[in-house]
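Got a structure for you, written out below as structure tokens; questions coming shortly.
The values are calculated or read from the model by the stated rules, or taken from the named source; none is laboratory data. All values reported here derive from a predicted model rather than from experimental measurement. Every residue, glycine as well, gets a Cβ built from its backbone with ideal geometry; the counts of neighbours run over all protein chains shown.
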Amino acid sequence: MANSESPVLMMQGICKRFPGVVANDNVNLEVRAGEIHALLGENGAGKTTLMSILCGLYQPDSGTIVWKGHPVRIASPRQAAALGIGMVHQDFKLVQRMTVAENMMLGRPAPHGPFIDMRESILTVEHVSAELGLPIDPRIQVGQLSAGMQQRVAILKVLSGSPDLIIFDEPTSVLTPLEVENLFKMMQSMVANGKAICFITHKLEEVMSVAKVVTVLRDGKVLDTLETKQTSPRELARLMVGREVLFSVKKDPCKSGDSTLEVQHINTAGGPGQRELHDISLQVCQGEILGIAGISGNGQNEIAEAITGLRPILSGHIKIDGVETTKWHPRKITELGVAYIPDKIRQNAVFLDLDITHNAIAKSHRGAPLATRGIFRMDAIKNHVQKLINEYQVHVASPKTLARQLSGGHLQRLVLARESSRELSLIIAVNPTAGLDVGATEYVRAQLLNQRKLGRAILLISADLDELLTMSDRIAVLFSGRIVGSLDSANSNPEEIGLMMGGTLRPDGKKAYAA
Amino acid sequence: MRHDVENNESMVKQVASDPRSDSVRPGSKHPKEAFKSVFLRALETIGRPLVSILIAFIVAGILIALTGINPFAAFFQFFQGSLGSKNGIAETLVRATPLAFAALGVAVAYRAGVWNIGAEGQIFMGALGATMAGLYLPPMPLLVHLPLVLLCGFAGGAIWGGLAGIFKARFGANEIIVTIMMNYIAIFIVSFLVTGPMKDASGMIPQPQTVELPASALLPVIISGTRAHAGTIVLIGVVAFVWFFMYRTSTGYELRSAGANPDAARHIGINVLNTVVIAMAISGGLAGLAGANEVSGVQHLLTQDISSNYGYLSIAVALLGGLNPLGVLLSSIFFGVVYVGSESMQRAMNVPVEMVYIIQGLVIVAMLLRQLGQRRKG
């Protein structure tokens, strides 16, 4: 096993800004041959940006990369590959309709000019996969392979360039537990052969079980680099989620009334990029905010879609105001008094290329008072839109302004205004303040609390743990499509929730990983 | 299956050369500035097609000059022939009317996020529906018969377009390919019928065509001594109706929502698959009216070349018209002028009649180039 005197890679003082965000702020990182180095952090902490810089996808604004003792400038992924840096992307970046062998040829220098030698390529795949002990059929179409096998192709593709450093970007997010185990074995054998591995993840358990060194990032900064032997999941959770100081919002004590939303043991199917939901049960009462904590992609949107009727439910029941809505059409559920502020409103809630009026009347566009027998009443619409604009202080030139011209905060105001303008009993909000500045965030939170005061039940699904701790009356933690814990937000601590979010703490209170 | 449909939609978006997927402009603007940009945009919407047309005419003028003909004299003839006389205007309207019907259909489909390339086939099916209503219904007065003929024309096209919509919505088929293929089926169905079962059996006419429709099924002439017929008046009513439907009804609202952002439409509870079928049926129905218009207003019978490529041309007409009802009306008149004007240039100045296609092509190319240029900038 190669030893740890001089690092094979040093990244020093790396800064990278995107409009409005500092993705990497003076980041230092050292990786040695023969070690698995985990990069741990929440979504948006800057892990992927840092690795994208390393493999030539982005150029840093400042800072230096020292590779095997020499400062280098990595202009492109091709150059990174030539240096011996390979990356296994989260989404593999394979062509689904091509065979394994064809995918392996992509992006490699062509040995025969414009002609390809398929037989040679097939032999190469067989050779490489035999050598590494990762059997695969070179003739099979990539689209027909499971996620785990596709990842194997992506790994083989990277390894066939015999790199010295391999970056894995959240490699376990699409894998089954067995596949994860195999992957970790594979990674161990790679480092045993003297390679170095950078392992991007937000799962504490994985860090503890496979990495030797862990660097924790938050808001683009490195917080600490630790040996996993000398740390604990609890410490890592605190570092990753951190922020022991919680902003407090003036919140009246919860006067929860009758149960508004009851979700009983629902299961849904998954799909490409979608989580299966397993046995989800929730209850939200009038005047109560139930927070759903979890790292993005663990089933948050899927829960919201299941309740709003957008996602078919395989088994279980959903009741809203005592009415069984399990198999209802989304429109009927909406009309029952359910407001839904989806994740990524630019994509999922508004029509950027249509005007404010069009956006403001969505969901109210079918019936009275805005339409009679399917025909719009333009004066009613005009008054309605103007009222919403005034009430929610949406900053627009005129109702004919395109939604595209609004800032994120005002767009969210518009959505809030539209959703709150109907008779409501339940509000479902997914990441309602993501990407908003402090003022806009405050406004949105105040509006939600106001709705709570009015006796509405609110399901607040957020990747921002602080937000949940500030806003919710109770918090349920979602991991891998399951509710893994539920607690009162008054006497909960962020570390415990952080552990649950990372899948380390089980619902029964036992730790999955003994620290 | 749902996944397939989504793939299809993203593919359509790529085909659609519209700027809506371009960069997101961050930050809100000062109200005054926002107003200014709204105003500029309005000006741009009107100005853009005019610039394309101007470029097309300049290039066409150069081409005409290269053949040794004075382009100014030729263009004088062009406008004299198409707009300078009662008969010229009438002929321009005769050409513009079917184009406008079909282009209106293309615009409706586009606004709902579907590409209907099947106007040609829908015109044939509409013509067939109108002919059947014209020939096989028992005798009745014009005020009853003519509306039925037009209605059956609409129905013929609507069924043909709606079928394509169902294929897309239920099976995830790409509507561009489906509508193109269905064009051939429609054309051959009509060919078969007019050479066989529906052929004029009098034995006097060798061409494959039906007998003439009775007078009660015909659109009356509106400018005496010309071919201009009441189809144009029907058109104006239909333009107003389509505008009203798209911008003043809940269903129109849902179609436009689904076209502007299918994800958001789904999240606000709109059944995007349904809107696809509805949009395709209406789109096809409007093209069907173009066919009915040709049968009932121009040819007075059904032949196997009832359309003269109006269906394909209507896509360009719709794009030039900015995909809105009023714009489509103006742009179809322009295409009518080009058609009639070019014929007149040929008669008077010996400019080859192919200049029609060259000018049409140039307008489209100029528009695409401008769009590309804007995309580069954006």
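Consider A:ILE295 carefully, then state whether it is in contact with a helix residue (DSSP H, G or I) (Cβ under 7 Å, 6 or more places away or on another chain), at pLDDT below 90, away from chain B (no Cβ under 14 Å) and outside any strand (DSSP E or B). Full working, then the answer.
Values: in contact with a helix residue (DSSP H, G or I) (Cβ under 7 Å, 6 or more places away or on another chain): yes; at pLDDT below 90: yes; away from chain B (no Cβ under 14 Å): yes; outside any strand (DSSP E or B): yes.
Answer is yes for this residue.
Which residues, taken from region B:59-68, are part of a helix (DSSP H, G or I) and more than 13 Å from B:VAL365 (Cα to Cα)?
B:GLY61, B:ILE62, B:LEU63, B:ILE64, B:ALA65, B:LEU66
Within region A:445-454, does at least one residue satisfy the condition of being more than 10 Å from chain B (Cβ to nearest Cβ) and within 24 Å of the chain's Cα centre (by Cα)? Break it down into steps so the answer makes sense when it comes.
In the first step, residues of region A:445-454 are kept if they are more than 10 Å from chain B (Cβ to nearest Cβ); the result is A:445-454.
Those left that are additionally within 24 Å of the chain's Cα centre (by Cα): A:445, A:448.
Yes, the conditions are met somewhere in region A:445-454.
Consider region A:25-65. How many of its residues are farther than 19 Å from A:PHE199 by Cα and of a type outside the set (Gly, Ala, Ser)? Outline the logic, then answer.
Taking region A:25-65 and keeping what is farther than 19 Å from A:PHE199 by Cα, we get A:25-26, A:59-64.
From what is left, the residues that are of a type outside the set (Gly, Ala, Ser) are A:25-26, A:59-61, A:64.
Number satisfying all stated conditions: 6.
Suppose we filter region A:384-422 for residues that are small (Gly, Ala, Ser) and assigned to a helix (DSSP H, G or I); how many remain?
Here the count works out to 5.
Any idea which of (1) surrounded by 17 or more Cβ atoms within 10 Å (Cβ to Cβ); (2) more than 8 Å from chain B (Cβ to nearest Cβ); (3) more than 30 Å from A:PRO19 (Cα to Cα) is the one A:LYS363 doesn't satisfy?
(2)
Is region B:189-201 home to any residue that is farther than 30 Å from A:ARG373 by Cα, without any contact (Cβ under 8 Å) to a residue 12 or more places away in the chain, part of a helix (DSSP H, G or I) and not hydroxyl-bearing (Ser, Thr, Tyr)?
Checked against the condition, which is being farther than 30 Å from A:ARG373 by Cα, without any contact (Cβ under 8 Å) to a residue 12 or more places away in the chain, part of a helix (DSSP H, G or I) and not hydroxyl-bearing (Ser, Thr, Tyr), region B:189-201 yields at least one hit.
Also, quick follow-up: Mind listing whichever residues of region A:343-359 are under 18 Å from A:GLN451 (Cβ atoms) and more than 8 Å from chain B (Cβ to nearest Cβ)?
A:ILE345
Another question, if that's okay. Quick check on my filter: what residues within region B:257-279 are in a helix (DSSP H, G or I) and more than 7 Å from chain A (Cβ to nearest Cβ)?
The answer is B:ALA258, B:GLY259, B:PRO262, B:ALA265, B:VAL272, B:LEU273, B:ASN274, B:THR275, B:VAL276, B:VAL277, B:ILE278, B:ALA279.
Within region B:140-156, is there a residue that is part of a loop (DSSP other than H, G, I, E, B) and in contact (Cβ under 8 Å) with a residue 60 or more places away in the chain?
Looking through region B:140-156, at least one residue is part of a loop (DSSP other than H, G, I, E, B) and in contact (Cβ under 8 Å) with a residue 60 or more places away in the chain.
Still on this model: I need the full set of residues from region A:319-342 which are in a loop (DSSP other than H, G, I, E, B) and within 10 Å of chain B (Cβ to nearest Cβ), in order please.
A:HIS329, A:PRO342
Please find, within region B:280-314, the residue that is nearest to the other protein chains (Cβ to nearest Cβ) out of those that are farther than 30 Å from A:THR334 by Cβ, aliphatic (A, V, I, L, M) and part of a helix (DSSP H, G or I).
Step by step, filter region B:280-314, then rank; the result is B:LEU286.
Among the strands (runs of 3 or more DSSP E) contained in region A:31-111, which hold 1 or more residues that are in contact with a helix residue (DSSP H, G or I) (Cβ under 9 Å, 6 or more places away or on another chain), small (Gly, Ala, Ser) and under 30 Å from A:GLY143 (Cβ atoms)? Let's see the steps before the verdict.
On the way: elements: A:36-40, A:62-67, A:70-72, A:85-88.
Correct list: A:85-88.
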